[in-house]
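Input: a single structure, listed below in structure tokens.
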């Protein structure tokens, strides 16, 4: 069964699912964070419908705990949890099974499989520079730069 590759939802706004990597890049102001800032501004201005998987909260918590920054882990996860303009997608049975399918078929990390499955069921474009998402033919993935270029045209 081929997955939905729809760039726009019913309201004609682009519908995206932010991967963890761009958010961490933004939080740390790492090289390439500016395109994420542009996307977040469009989300806040309600030009884009955005979501994250709850798995992203796990990954962000883990990332900062690895750095022994429990304070920052709490701050960053709370920022995302309470940001009203980014929907948090929970993992239901259907999503869990699809994630298992993606993991088995494409040999990707389980967190990426859950994020991809969430994108699949919400018909969202995954925003990430993680090559694992590009392997999954059932979803659409764009880097932050690719998305910004597309949205500007």
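Compute the relative contact order of the chain as a whole-number percentage, counting only Cα pairs closer than 8 Å that sit 6 or more residues apart in sequence. Relative contact order comes out at 30 percent.
Bridge orientation summary for the chain: considering DSSP beta bridges with both residues in this region, about 10 percent are antiparallel. Each principal axis of the Cα cloud of the chain was taken in turn, and the coordinate range along them, longest first, works out to 44, 36, 26 Å.
For the range 86-107, list residues with backbone N below 20 Å from a point placed 7 Å from the Cα of residue 54 toward its Cβ? Once the point is set 7 Å along Cα→Cβ of residue 54, 86-103 turn out to lie under 20 Å by backbone N, inside the range 86-107.
When the helices of the chain are scored as -39500 (n - 2.57) per DSSP H run of n ≥ 4 and the total is divided over every residue, the value at 222 nm lands at -16500 deg cm²/dmol. Taking other C-beta atoms within 10 angstrom as a stand-in for reagent exposure, 126, 55 fall in the order 55, 126, fewest first.
Every number here is computed from the coordinates shown, using simple stated rules; none is lab data. Note that the structure is a prediction, hence the values are computed from the model and not measured. Because the Cβ atoms are built from the backbone with ideal geometry, glycine has one as well, and the counts that use them run over all protein chains shown.
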